[in-house]
Amino acid sequence: MTFNPRKEHEEIRRNLDGISFEDEKVLVTGGAGFLGSWMCEVLLNLGASVTCVDNFASGRRENIAALLEDERFRFIEHDISIPLTVDTPLDYVFHLASRASPFEFERYPIQILKANTMGVLVALGIAKKYRARVLYTSTSEVYGNPGIVPTPESYYGNVNPVGPRGCYDEAKRCGEAYVVAYRRQHGLDTRIARIFNTYGPRIRTDGIYGRVIPRFIDQALSGKPLTIFGDGSQTRSFCYVTDQIEGLLRLAARDAAEGEVINIGNTNEITVLALANMVIAACHSSSDLSFSALPEDDPLRRRPDLTKAREILGWEPRVPLDTGLSRTIGWITETRT
Ligand SMILES: NC(=O)c1ccc[n+]([C@@H]2O[C@H](COP(=O)([O-])OP(=O)(O)OC[C@H]3O[C@@H](n4cnc5c(N)ncnc54)[C@H](O)[C@@H]3O)[C@@H](O)[C@H]2O)c1
């Protein structure tokens, strides 16, 4: 299956049931990344003007190259953890900037902490200036290794602040606290998305950036063994990117979501071992599996409780894993060098 971005953008527009961003002015931090570049494109397609801020820490210039030709798109190359003045009024500030791959946690823990603490403060300061609505992309990692699965937003989490994932998990928890503080003290309209594992075209496959699905696909297409941590019995629930973007836009747009914290992800839980076998079959690959030690603090299960997303946003994911995988494999195959 080939990747047809136009068709997928139209799918998102249709699924949004008339939610419009016509003439809205939106700042997207992290807009050159996987989710951020989808977000910028879809917002432009929905009629918004978009200012994208990114320092290419994990994002790519080619993700936004085509957008630079659109006069409603403006790019500012900048590290969001350093103060920034935006000189045009804004209706929304979407803060997505943060490295998000576990291998990056090891190499760049300070930058990750800064993007989700000082970077959140910079984004909130810009939003406060223009009384813009804020969407913060937090993560299922705030739950750590969860004691309740499916995990509802009311679960406080089981996080190790001094473990290898602490830089990400605790920074996101701190980022949430900043967002809520600006809401309480300055009356900002804020929304927090707790994103569960999301995949799709434009997710990086290379080096430290490769998260489990793109890494497996890359290994399967290269005929290399798929590397599984532990025995592969740990579970994850994978959300396809178009579902994720639709959920985030509903969270940003719906009046009823003001001040809410909402899980956005897919409830279909699968073991990492079953995922590896599914990827091998979908890639028509003869790759083997290779097993190595489970990383410290790797969560055993991940599955969102989507009750709030259903009730407040009228949203639930639609794209099954086999369809999403085949679209992602199509894109990776087309873009591999
Ligand atoms: N994709 C997922 O499964 C997932 C899950 C949970 C949460 N999230 C969150 O969603 C957001 C986007 O994630 P993604 O998957 O698109 O990751 P990504 O790495 O593809 O994108 C992150 C973007 O932020 C930019 N960035 C990082 N630090 C920056 C800084 N200091 N200043 C400016 N730009 C900076 C990067 O260059 C990149 O373009 C992140 O906040 C991440 O924590 C993603």
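All of the numbers you see were taken from the coordinates with simple rules; none came from a lab. All figures in this text were calculated on a predicted structure; none of them were measured in a lab. All Cβ positions, glycine included, derive from the backbone under ideal geometry; neighbour counts span all protein chains shown.
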Name the residue from Phe216, Tyr92, Cys174 whose Cα lies farthest towards the positive end of the charge dipole of the chain, charges +1 on Cβ of Lys and Arg and -1 on Cβ of Asp and Glu. Cys174
So for the chain, averaging the separation of alpha carbon pairs under 8 Å that are six or more residues apart and normalising by length, what relative contact order in percent results? 18 percent
Unit charges on C-beta of K, R, D, E only; dipole of the range 32-131, Debye: 360 debye
Between the range 1-76 and the range 156-208, what is the separation of their alpha carbon centroids in Å? 21 Å
Any number yet on Rg/Rh for the chain, C-alpha, Kirkwood? 0.94
With both partners inside the chain, how many of the DSSP beta bridges are antiparallel, as a percent to the nearest 5? 10 percent
How large is the dipole of the range 155-288 about the Cα centre if only Lys and Arg carry +1 and Asp and Glu carry -1, each at its Cβ, rounded to the nearest 20 debye? 220 debye
Taking a virtual spin label 7 Å from the Cα of Glu296 along the C-beta vector, which residues in the range 154-189 bring their backbone nitrogen under 16 Å of it? 159-170
Find which of Ile112, Ala66, Ala257 sits farthest along the positive direction of the dipole of the chain, computed with +1 on the beta-carbon of Lys and Arg, -1 on that of Asp and Glu, about the Cα centre. Ile112
At q = 0.10, 0.12, 0.16, 0.24 Å⁻¹, what log₁₀ I(q)/I(0) does a Debye calculation on the Cα points of the range 238-337 give, no solvent, two decimals? -0.39, -0.54, -0.85, -1.24
Which aspartates and glutamates have a Cα less than 16 Å from the Cα of Lys129, not counting those fewer than 8 places away in the same chain? Asp87, Asp91, Asp189
